[in-house]
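Please treat every number below as a calculation from the coordinates, not as lab data. The model shown is predicted, which means the values in this text are computed figures rather than measured ones. In this analysis, Cβ positions are derived from the backbone assuming ideal geometry, glycine residues included, and neighbour counts consider all displayed protein chains.
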Amino acid sequence: MTDLQSPPLERIMVTTRRGITCEVLVGAPPSGQAEGSIVSFHGAAGPLGGEPMLAALASHFAVYAPIWPGYSELGGEEQLEDMQDFTLHGADIVAALDLHKPHLIGHSMGGMVAAEMAAAAPGLFGRLVLIAPLGLWLDDHPIADIYSLLPFEFPPLLFHDTAAGTALMAGGLDFNDTEAIKTFLIANSRRLGTAGKVLFPIPDRRLAKRLYRVTNPTLLVWGDDDKYLPAAYADAWKAAIDGAQLEVIADAGHMAPYERPSEVAVAIEHFLVV
Amino acid sequence: MPDDFRDTERSVWVDIPSRLFDPKVANHVYNEYMDQLEYAESVGFDGIGVNEHHQNGYGIMPSPNIIAAGLARRTSRAAICVIGNSIALYNPPVRVAEEFAMLDCISGGRLVAGFPVGTPMDTNFCYGQIPALTRDKYREAHDLIMRAWSDPEPFAFNGKYNQLRYVNIWPRPIQQPHPPVYIPGGGSIETWDFCLDYDYNYSYLSFGGYLAGKKLLDGYWERVAERDKDDSPYRAAFAQIIAVADTDAEAEKLYAEHILYFFNRCLHVYPGFSDPAGYRTISTIKAGVLDQFRAEMREKWTRLTWKDLVDGGFVIAGGPDTVRDRMEDMIRSLRLGHVFCLIHNGNQPDWKTRHSTQLFAEKVMPSLRNMWPEYEGDDRWWIHPYEERVHADETFKDARRQAEVPSGTSTGSMDR
């Protein structure tokens, strides 16, 4: 089963046919006997470091986690302007990795992209795991505007445990260091600025009308204390994708893969190993 | 706004609840402010200006063109400065080309056309534009408007944000090839280069005053030199809060409470609205020269005293001699050919605004003219009105004269 002591993920570089070069975090079982491959897309907050859920999954699967353009120094984000560009970039990465019908995992914004990919070409992918995906909008449950939040407002919104979440998001940054803050602001502006092309001002690019095309077996994973995307969204996704299963993770917020990596990985493994 | 506004509402801009808006008060202030601008022309100001803000408790002009149209009808000489239309917000932006051309025609060639990128509050939060794409969309809108003004034949425009099969505006502007273009901007090198690429005026509009503004203007003039452009001061404009009385003490007595009302109450903007990720370019963040634009900085302004405001150059206030000295200092040190005089501030009553306007026009303005003799007559950034232009009522009078001459019959109905 999952092992949080798994070896750390490695980094490789791939270049898509469009010409965007990306870092991809990779991991695989030491035995070399993977039970299939997974491509996993991170959310708008970006990889927070360590990626314990992915490392756990890498003890059974060949795991590939591309870093989105704008989330590294490699550039390429200027070529992504709208939802279709994001969707095709995801598919381009799968092609560049030369994978045959990988399972797709997506968290938050990454879930929005993974769902778009599956809707566009369900036959290209295996199973679909969406962890608190963005992409739908319910008028009765307006999603918080992350673009107007002040830095200290993120952790209580995104995490079940605010203190632990604050430590994870700060990533060891010293807020008394002007240069460090500048570096942080630049990175943050580039990251969320890129994400804004599909999330601003409302994270809905009409995916709802395409979800009927998703015929891949689908697992929805949701923290029971997700204050950003409340349970109504889990219900909406479940209703929108035929046969989708829902797994609720206890004591987890929107950032469930970081707060409860082991539990999330177990749920995914159970779903993917058939 | 209510006395407890800062405690009960988080922002004067974007999400200030519209239940605080009283349309009956608006009827009063719209007319009062337009009267004041018309009064400014009557005492000798060269231009009168309006700008665009949305969902804002201190700037209720979402459509400056409506105000400008009113001013164009009731004035005859002053430039009508619309500084300006946030061109990325108009769909399609030919709307701006059309409305500005209308204003230029109605005013007889007196329009100054401003093209701001727009604040994040207006552009991104109120009008939903994607921050990282705002500048790209702005550039495309600019290209479309300028071509619409200059190309005399219909053309197809296949843009990223605008696809139009037949761009063919009616009317066209009187001023050719186009009205003077002003770009209100911050301190980004991209904006300076944009102004210099097209020889547009660069306007720095803030409430931070001229001492703080010097750093930005210095950067601009360095860039002008690097680009081998002439250093005509008319390339630059600057907005400054001004209050004139008979003496310095009188100025504080008359105006302090209203200007403090503006800084302490009106500039209460939620910091989260000041800088959405993607709005500023990476190079601008790295340069770090825009700090005075940020809401955190504005929030500091809300705790300033009158002495802070005067000493810090936020406000040029005093008797005519004091104001004249400081204006000259500002104009020379920032190298300005144009100054936007912000004379009505906060809850300042009409009579005080007129008093200050009149004193400035009579006792300050004359000595500020001809401060740049080496560029005398440089009108590249100023209006070129049509000499034979007509004004409100003139066509009506013509018609009446014509009606009277041949028949001599009564025109009583017209006289009413």
Checklist outcome for this item: The answer for A:E51, listing residues at least 5 apart or on another chain whose modeled amide H is closer than 5 Å to its amide H, is none
Checklist entry - If you take the alpha carbon radius of gyration of the stretch B:5-415 and divide it by 2.2 N^0.38 Å, what ratio comes out, to two decimals? => result 1.01
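Among A:107-120, B:166-179, how do they line up from the highest to the lowest mean number of other beta-carbon atoms within 10 Å? Write down the numbers at each step before the final one.
Values: A:107-120: 26.5, B:166-179: 16.3.
Per-residue Cβ counts within 10 Å, averaged per peptide and sorted highest first, yield A:107-120, B:166-179.
I need to check one value: relative contact order of chain B, counting alpha carbon pairs closer than 8 Å and at least 6 residues apart, in percent. Kindly include the intermediate steps, with their values, before the conclusion.
Working: 677 pairs, mean separation 74.7, N = 416.
Relative contact order, chain B: 18 percent.
Multiplying the sequence separation of B:N168 and B:N264 by 0.36 nm and subtracting their Cα-Cα distance, what value in nm do you get?
Details: separation 96, 0.36 × 96 = 34.56 nm, distance 4.73 nm.
So the chain would gain 29.8 nm between B:N168 and B:N264.
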Next on the checklist: Between B:R77 and A:I186, how high is the FRET efficiency from 1/(1 + (r/R0)^6) when r is the Cβ-Cβ distance and R₀ = 51 Å? Nearest 0.05.
Outcome noted: 0.55
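Using only atoms on other chains, find how many Cβ atoms lie within 10 Å of each Cβ of peptide B:123-131 and report the average. Spell out each step's value before the answer.
On the way: counts 0, 5, 5, 1, 1, 3, 3, 10, 8.
Mean partner-chain Cβ count within 10 Å for B:123-131: 4.
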Item to check | Antiparallel DSSP beta bridges within the protein assembly as shown, percent to nearest 5 | outcome: 25
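Among B:391-402, B:362-373, how do they line up from the highest to the lowest mean number of other beta-carbon atoms within 10 Å?
Values: B:391-402: 11.4, B:362-373: 13.7.
Top to bottom by mean Cβ count within 10 Å: B:362-373, B:391-402.
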Checklist entry - Ranked highest first by average number of other Cβ atoms within 10 Å, how do B:101-109, B:183-191 line up? => result B:101-109, B:183-191
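For chain A, build the convex hull from the C-alpha positions and give me its volume per residue in Å³.
Details: hull volume 33.2 nm³, N = 274.
In chain A, the Cα convex hull volume per residue is 121 Å³.
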Item to check | A:I105 long-range amide H proximity, modeled H, under 5 Å | outcome: A:V39, A:S40, A:F41, A:V129
Checklist entry - Per the Kirkwood formula on distinct C-alpha pairs, the Rh of the stretch B:173-326 is how many angstrom? => result 17.3
Checklist outcome for this item: Projecting the Cα atoms of B:G313, B:V14, B:G108 onto the charge dipole of the stretch B:5-415, where Lys and Arg contribute +1 and Asp and Glu -1 at Cβ, the residue farthest towards the positive end is B:V14
Next on the checklist: Taking each residue in B:265-273, count the Cβ atoms of any other chain within 10 Å of its Cβ, then average. What number comes out?
Outcome noted: 2
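Going down the table (B:K215/B:K253; B:K214/B:K300; A:K182/B:K214; B:K215/B:K286; A:K209/B:K160; B:K160/B:K215), which pairs top 27 Å between alpha carbons?
Working: B:K215/B:K253 31 Å; B:K214/B:K300 19 Å; A:K182/B:K214 23 Å; B:K215/B:K286 16 Å; A:K209/B:K160 24 Å; B:K160/B:K215 36 Å.
Those over the limit are B:K215/B:K253; B:K160/B:K215.
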Checklist outcome for this item: Of all DSSP beta bridges having both residues in chain B, the percent classed as antiparallel (nearest 5) is 15
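Taking a cut-off of 41 Å, what percent of all Cα-Cα pairs in the protein assembly as shown are separated by more than that? It would help to have the intermediate numbers written out before the result.
Details: 94562 of 237705 pairs.
More than 41 Å apart: 40 percent of the Cα pairs in the protein assembly as shown.
Membrane-span-like helices in chain A: DSSP H runs reaching 20 Å or more (Cα, own axis), mean Kyte hydropathy at least -1.0? Numbers along the way, then the final one.
Values: long enough: A:178-199 (31 Å, 0.24).
Those that clear 20 Å and a mean of -1.0 are A:178-199.
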Checklist outcome for this item: DSSP beta bridges in the stretch A:10-272: the antiparallel percent, rounded to 5, is 35
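In peptide B:275-285, what is the residue-averaged number of other protein chain Cβ atoms found within 10 Å of each Cβ? Intermediate values should be presented prior to the final figure.
Working: counts 4, 11, 16, 13, 4, 4, 2, 6, 1, 1, 6.
Average per residue, whole number: 6.
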